[in-house]
1. Do we find that residue B:536 is open to solvent by 10 Å² or more (accessible area, probe 1.4 Å), within 27 Å of residue B:322 (Cβ to Cβ), hydrophobic (A, V, I, L, M, F, W, C) and in contact with a helix residue (DSSP H, G or I) (Cβ under 6 Å, 6 or more places away or on another chain) in this structure?
2. Check every one of the helices (runs of 4 or more DSSP H) wholly within the stretch B:439-535 and list those with 2 or more residues that are within 19 Å of residue B:352 (Cα to Cα).
3. Considering only the stretch B:708-722, how many residues are touching a residue at least 12 places away in the same chain (Cβ under 8 Å), more than 18 Å from residue B:698 (Cβ to Cβ) and either in the same structural domain as residue B:244 (by TED's automatic domain parsing) or not hydrophobic (A, V, I, L, M, F, W, C) (or both)?
4. Of all residues being over 15 Å from residue A:158 (Cα atoms) and polar (S, T, N, Q) in the stretch A:73-122, which is nearest to the other protein chains (Cβ to nearest Cβ)? Just the residue, please.
5. Would you check which residues across the stretch A:103-155 are closer than 20 Å to residue A:63 by Cα, part of a helix (DSSP H, G or I) and open to solvent by 40 Å² or more (accessible area, probe 1.4 Å) and list them?
6. Which one of these does residue B:787 not meet: (1) part of a helix (DSSP H, G or I); (2) at pLDDT below 90; (3) not hydrophobic (A, V, I, L, M, F, W, C)?
7. Out of the residues in the stretch B:661-692 that are small (Gly, Ala, Ser) and open to solvent by less than 30 Å² (accessible area, probe 1.4 Å), state the one that is farthest from residue B:315 (Cα to Cα).
8. Would you check which residues across the stretch B:585-631 are among the hydrophobic types (A, V, I, L, M, F, W, C) and farther than 27 Å from residue B:528 by Cα and list them?
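The values are calculated or read from the model by the stated rules, or taken from the named source; none is laboratory data. All of these numbers come straight from a predicted model, not from anything done at the bench. Here Cβ is always computed from backbone atoms with ideal geometry, including for glycine, and neighbour counts include all displayed protein chains. Ligands, DNA and RNA are stripped out before the accessible areas are found, and what is left, the full protein with its side chains, is counted by its heavy atoms. Shrake-Rupley method; radii C 1.70, N 1.55, O 1.52, S 1.80 Å.
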Amino acid sequence: MAGLRQIAMQGRAVLGIVLSQFRTLWRVLGHTFTRADTVQYPEQKPALSPRYRGRIVLTRDPDGEERCVACNLCAVVCPVACIALQKAEDAHGRWYPEFFRINFSRCILCGLCEEACPTYAIQLTPDFEMAEYDRRNMVYEKEHLLIDGPGKYHDYNFYRVAGKSIGGKDKGEAEHEAPPIDIHSLLP
Amino acid sequence: MVGIVVDGEPHEVPAGGNLLQSLLSLGLDLPYFCWHPALGSVGACRQCAVVQYRDENDVTGRVAMACMTPVAEGLRIGLKAPAAVEFRAGIIELLMTNHPHDCPVCEEGGECHLQDMTVMTGHTFRQYRGLKRTHRNQYLGPFINHEMNRCIACYRCVRFYRDYAGGDDLQVFASRNQVYFGRFEDGALENEFSGNLVEVCPTGVFTDRTFSAHFTRKWDLQTAPSVCVHCGVGCNTTPGERYGTLKRVINRYHGDLNGYFLCDRGRFGYGFVNCADRLTEPMLHGQPVTRAEGRARLRDVTFKGAIGIGSPRASLEANFALRELVGPENFYAGCADADYAMLDTIRRVLASWPVHSPSLREVEGADVVLVLGEDVGNTAPRLALAIRQATRNCMLAAAAELKIAPWQDAAVRELAQQVRGPLFVLATTGTRLDELAEVVVRRTPADIARLGFAIAHALEPAAPAVSGLSDEDRQHAESIAEALKRADNPLVVSGTGSGEPAIVEAAAQIACALSRRRKQPASVSFVVPECNSLGLMLLDPKRLGKALESAESGSVPAAIVLESDLFRSARTEAVESFLSRVGETVLLDHSPQATAHRAQIVLPVGTFAETEGTFVNGEGRAQRFFAAMSPRGAAMDSWRWLAEAHPRHDWQCLDEVTGACAAAIPVLARMVDAAPRADFRIDGLKIPRQTHRRSGRTAASAHIDIREPQPQDDTDSALAFTMEGDAFDAPAALRTYSWAPSWNSNGQSIAKFQDEVGGALRGGDPGVRLFEPVQRGAAPWFTEIPRAVAAEPGVWLTVPRYHVFGSEALSARAESVVERIPAPYVALHPSDLARLGHADSVELNWHGFREVLPVLADDTVVPGTIGVPVGLPGMPCGPCPRTLALRKAEPHGSGVST
């Protein structure tokens, strides 16, 4: 009895293997008639989500001014230390980067800089085509990074929220701010 | 010591302190704002709440402010008790209701005490929906930026500026949550300690304007322990570099010296390092040459038998290397002969008299202070700040009688009002300390010296008497001597500022007389002109005048001038004649100056921020300073240029020079202990100059070379130009920056490096004191008492005047300091000016040159003398003559210098 049961089990296993081969053949053949997931890159480009982590850009606020305030948080959070910048300040107190350099030959496109950015200035884009024959061409300066639009975040303007006054926005004109106090007033 | 219980754990803490300080000293974290170790407690911010229990059965307890709670035996408190935690979180939330949303554009961000405390209490989400109050900012001068929106009204700024530093132009205005800290109107903060507001302010209301101009976050600065070069006090500093620029200088805590505070000259004078006109290439007859060429020329000059002129602002090692190169018999001091004479006296007194030269902490403990002929506030501001604290000791004594603890700041000040301890200022002109003095006596330099000798005689009849003293001066001498006799801890302060050697001698005489009376060394503190003036003197140089004289006879084939401008140290015509008679002149310096234009060979060297070495301050403390950055261009350490030119010595690193210097000069034997040697390691690694959070390593120089440069090797010290290693456990002399987990701000994180908060650094404060008082030295009295000078008609006795900003050459080159430098002038007493016919400017005979200078009426000038500011840009060069003949200048400046 034990011998018969063993033979039956082996037979089922063999049958399973054979059927699996047919199922595989069927699947493969079936894909001949389905739409391909791959695209003919580079002739064809894939559609990438806006949240894709590719080439880094610096964006502008809705007023068209540079969003970057040179706070250095992206640089310090960068695990490969590939961001270097220097703060400068215009005549009205607005901070901006004097230079802003990203060494893309070191960048691992982790997106931590974007997470750290308090002004939505630095953003990763769905562009990944950055291959170069010369590593030196992968060093991007501010003029290579700065784009003309606000990127993914259309409305945010850091200086409208922050208490520091800049040209065109005086003390007390930011969100949730009371007008400046007249310290010469005798009223309590 | 008393036993207290914190969260059920027993601890031992020193008796008499407040609970907050004790908890911090135990290494526990408790948030606070208004308390400061140097300023004491006022209980204003309510942040340091703890729960205090009656006894072990009390489980509820009550919330108490730790800073206002004295520690007592058996005190039981809960740091982590829910009531305390909730209370502290609530306070932070309230403080933050008006705080602007601007950390990214705040210079304080990353080293902000408010950020640290907010994180520590766990306040992350804002619930307040109301409007934030806003304030307009003020222009506060070239040093300080003002951003009032960030204020949390802890009152630390006015407590420091007004109560501690004696400033009167920073006020608090308005009321309740509208309070405003600023000036009555826009304008530069006048007090010379205003820069400390940057570190005292727990948030970003007051920030460093010079730093903001080329701002870098704290974590990106490459820093090294350093020593200030702008006066002879030797305050410890931390210079920080980024992208090849010296970005800022901040205080480096030293328990015995500067403590928590620096003066503005030390903090903002660093700008000279960044000047575009620095000497960076070796120059031969005005043409740039290679380093090898420069070295070869230096060697040639040495073979000719050159003399060496050492520098009071170069390190001991550099001066010693020069002394070895030219031979001790050819080694001269690069300072004015008058300074030389005074420094020589100071050297002898400190080395062999029974007097003690006190540290600044000891100065703060003095109960009677006599300042003899020195405008300490302008020549050594940090020492003046210590004297200012010393005048409070009578307040503290009165408070102690009423059992008020010294840290109860508001109570002590309320009790004492404006009462100040005995301070006697005997000066040759008005000084910054006059406002605190019980007695101010202004006389000519010779008369001040005579008065000093008279005080010494009144203290100890064995000291020579002074004849022909006026009755008034005799009374002054008697009363001051009486006060010094009664004092428990008297202090005499003098220095080289007056230009009168007899004043230094008189100060030493008084201290010696006190020592004899008290049978123990009395304290005397000497102000020396430059950061290493005393160190240079310990190498036993000859005076500069001798070098100038020997050149007259044509016996000087060449001269090597180390980091000094001869035109500041001797008369112009004497220097001109010296330079023209000397065959060849080599100058080693970092900044352009008058001698650089005349030297045939100029070799560039590094500044204090780029080199390493040892300075000896006025106290006689040898302190090591380290490079925060590498020198510009072809510049090198001075000692290295000189060592490479030496035919026999093969010194490869600084330790070898230091060792050779210590072996050759007995009094400097202990200078090797000023810092650990270059082979010092922690876990096999050097001490990092960069923080573990440094950014941009792979991008900072990628535009020049895509490959990251290898970190520069530093063979001269145990510090590395990298971020690898243990900066936290470094010995105090090698501590490159002050940071501890949860504590990012410089002023507050230092608590983690101190034995006891506000006390000595762990492992001892850095530096080595070279002089210990000779216990029973039979010091010979100075017997040459100067005669009173009778004024001649038409001839005025010159009295040097000093300015914090301008009188010191290096800081005067800093861009921000330039704004604060007064215009050239001379000062006369109003009565003298009236005799001259109320002139706007006077024409004077300056070493044979006719100079026209604006004249200022100043009633602190002694009649018959003329106050001449020292070193101000635009003043005639050279040490000022002892007397000046002057007359009213013709209009339109017909008598401009010839």
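1. On the way: open to solvent by 10 Å² or more (accessible area, probe 1.4 Å): no; within 27 Å of residue B:322 (Cβ to Cβ): yes; hydrophobic (A, V, I, L, M, F, W, C): yes; in contact with a helix residue (DSSP H, G or I) (Cβ under 6 Å, 6 or more places away or on another chain): yes.
Criteria not met by residue B:536.
2. Details: elements: B:445-459, B:471-486, B:501-518.
Ranges flagged: B:501-518.
3. Looking only at that region, the number is 4.
4. A:103
5. Filtering the stretch A:103-155 for residues closer than 20 Å to residue A:63 by Cα gives A:117-123, A:142-143, A:145-155.
From what's left, part of a helix (DSSP H, G or I): A:142-143, A:145.
If the condition is that a residue be closer than 20 Å to residue A:63 by Cα, part of a helix (DSSP H, G or I) and open to solvent by 40 Å² or more (accessible area, probe 1.4 Å), then A:143 is the only one that fits.
6. That leaves (1) as the condition not met.
7. Taking the stretch B:661-692 as the starting set, the residues that turn out to be small (Gly, Ala, Ser) are B:662-664, B:669, B:674-675, B:678, B:684.
Adding the requirement that they be open to solvent by less than 30 Å² (accessible area, probe 1.4 Å) leaves B:662, B:674-675, B:678.
On the way: B:662: 13, B:674: 13, B:675: 14, B:678: 17 Å.
Going through the qualifying residues, I end up with B:678.
8. Looking only at the stretch B:585-631, we keep the residues that are among the hydrophobic types (A, V, I, L, M, F, W, C), and these are B:586-588, B:594, B:596, B:599, B:601-603, B:605, B:608-609, B:615-616, B:622, B:625-629.
B:599, B:601, B:602, B:603, B:629 - these are the residues of the stretch B:585-631 that are among the hydrophobic types (A, V, I, L, M, F, W, C) and farther than 27 Å from residue B:528 by Cα.
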